[in-house]
Amino acid sequence: MSDHIVSPHVYVGVFLVLLVGTGLTVFAATVDLGMWNTPVALVIAVAKAMLVVLYFMHVKYSSRLVGLALGGAILWFVLLIAGVGMDYLSRNWVGTPGT
């Protein structure tokens, strides 16, 4: 298997997009979007994380096995978060002080 050579222009482009994403994050934090504050922040964060993983960690240029392992890790993380969320929502903590 040969190594993939990535042009410095790609790294500079991704870096500039990450800087724009950071600016968007700061701007979104200053604007009151009501219930959409958290989803907007999460979308921006996931997009930036995806760029870092794909380009700076070279997952884009790796084998399918690396992509499969990454997909499995993301699925496992989502299942864990969903399980914790369901456990939290199924408890009768909200609205019942002192019990």
Multiply the residue separation of SER7 and VAL78 by 0.36 nm, subtract the distance between their alpha-carbon atoms, and state the gained length in nm to one decimal. 22.2 nm
When semi-axes √(5λ) of the Cα gyration tensor in Å is calculated directly from the model, which label among [x] 35, 23, 6; [y] 23, 14, 12; [z] 19, 17, 13 fits? [x]
Among the helices of the chain (complete DSSP H runs), which have Cα atoms covering no less than 30 Å along the helix axis and a Kyte-Doolittle mean of at least 0.0? 8-30, 64-90
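Since every read-out is calculated from the coordinates, none of them should be taken as a lab result. Just so it is clear, the model here is predicted, and its values are computed rather than measured.
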